[in-house]
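The values are calculated or read from the model by the stated rules, or taken from the named source; none is laboratory data. Quick caveat: nothing in here was measured; it's all calculated off a predicted structure. Methodologically, a virtual Cβ is constructed for each residue, glycine included, from the backbone with ideal geometry; neighbour enumeration extends over all protein chains shown. Areas reflect the complete protein model, heavy atoms only, side chains present, ligands, DNA and RNA absent. Shrake-Rupley method; radii C 1.70, N 1.55, O 1.52, S 1.80 Å.
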Amino acid sequence: MHRDTSWDPSPVRGTVQLTAQFLLTVVYAPFHWALCLVLVLGIVVVGMFLEIISWIPGVETGFMKLIDAVFTVVPMWPLWFVTLPELRHEGDEEFYRERVERQLTRHLRAKAPQRTLHVGRRKYRALGAGYVVEAAGRHGWELSPGARSDPWREVELVRPPALDGAAPSAAGAAPSGSR
């Protein structure tokens, strides 16, 4: 039987590949963000016109689906982008462990804690999505029910209503096939 490796750490990329991706990121990122800005402005303009006909049932729901679809196709940070810290710390488990912990604890200290948290792959690349679920359990988060998490892109976590305002649990549950 084939073992699901999507929850395991990503392989370390070679220096040449990583450097090429970093240089492409530096050159292409301003154009990409300009495209995102144009898309946001276009969505705002469409939203203003849709506000006029918002009395029609389903218009708002359809508009929100449109926004989700647009930014799924054109994300602000594509997976292939490589930042300078990622270039310097490729494969460094401690660096990625700190990134995951920082993201998990930042949302716990917020004045209005979120119920859903998305942890992108660039935060856990050297550790794997299985580590994120394990660490999230220690902070009171759980893997989102359903097939919403894609370990190759991001892990979606939810905060159970019973834990809001309570101390995080000491144990976390990892999905099958994880580390």
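Restricting the search to the stretch 41-55, which residues are touching a helix residue (DSSP H, G or I) at 6+ places or on another chain (Cβ under 9 Å), hydrophobic (A, V, I, L, M, F, W, C) and either free of Cβ contacts under 8 Å to residues at least 24 places away in the same chain or open to solvent by 100 Å² or more (accessible area, probe 1.4 Å) (or both)?
If the condition is that a residue be touching a helix residue (DSSP H, G or I) at 6+ places or on another chain (Cβ under 9 Å), hydrophobic (A, V, I, L, M, F, W, C) and either free of Cβ contacts under 8 Å to residues at least 24 places away in the same chain or open to solvent by 100 Å² or more (accessible area, probe 1.4 Å) (or both), then Val46, Leu50, Ile53 are the ones that fit.
Does Val82 meet the test of being modelled with pLDDT of 85 or more, β-branched (Val, Ile, Thr) and within 19 Å of Arg153 (Cβ to Cβ)?
Yes; evaluated as a whole, the condition is true for this residue.
Looking at Val82, Val70, Val59, Val74, which is the one that is open to solvent by less than 60 Å² (accessible area, probe 1.4 Å), of a type outside the set (Asp, Glu) and touching a residue at least 60 places away in the same chain (Cβ under 8 Å)?
Step by step, each of Val82, Val70, Val59, Val74 is checked, and only Val82 is open to solvent by less than 60 Å² (accessible area, probe 1.4 Å), of a type outside the set (Asp, Glu) and touching a residue at least 60 places away in the same chain (Cβ under 8 Å).
Which of the residues belonging to the stretch 1-60 are in a helix (DSSP H, G or I) and aromatic (Phe, Trp, Tyr)?
Hits for the stretch 1-60 are Phe22, Tyr28, Phe31, Trp33, Phe49.
Can you tell me which residues in the stretch 90-116 are free of Cβ contacts under 8 Å to residues at least 12 places away in the same chain and either of a type in the set (Val, Ile, Thr) or open to solvent by 60 Å² or more (accessible area, probe 1.4 Å) (or both)?
Glu94, Glu98, Arg102, Arg106, Arg109, Lys111, Ala112
Applying the selection to the stretch 117-134, what residues are open to solvent by 30 Å² or more (accessible area, probe 1.4 Å) and in contact with a helix residue (DSSP H, G or I) (Cβ under 9 Å, 6 or more places away or on another chain)?
Arg121, Arg122, Lys123, Arg125
Does the stretch 117-147 hold any residues that are without any contact (Cβ under 8 Å) to a residue 60 or more places away in the chain and assigned to a loop (DSSP other than H, G, I, E, B), and which are they?
His139, Gly140, Trp141, Ser144, Pro145, Gly146, Ala147 - these are the residues of the stretch 117-147 that are without any contact (Cβ under 8 Å) to a residue 60 or more places away in the chain and assigned to a loop (DSSP other than H, G, I, E, B).
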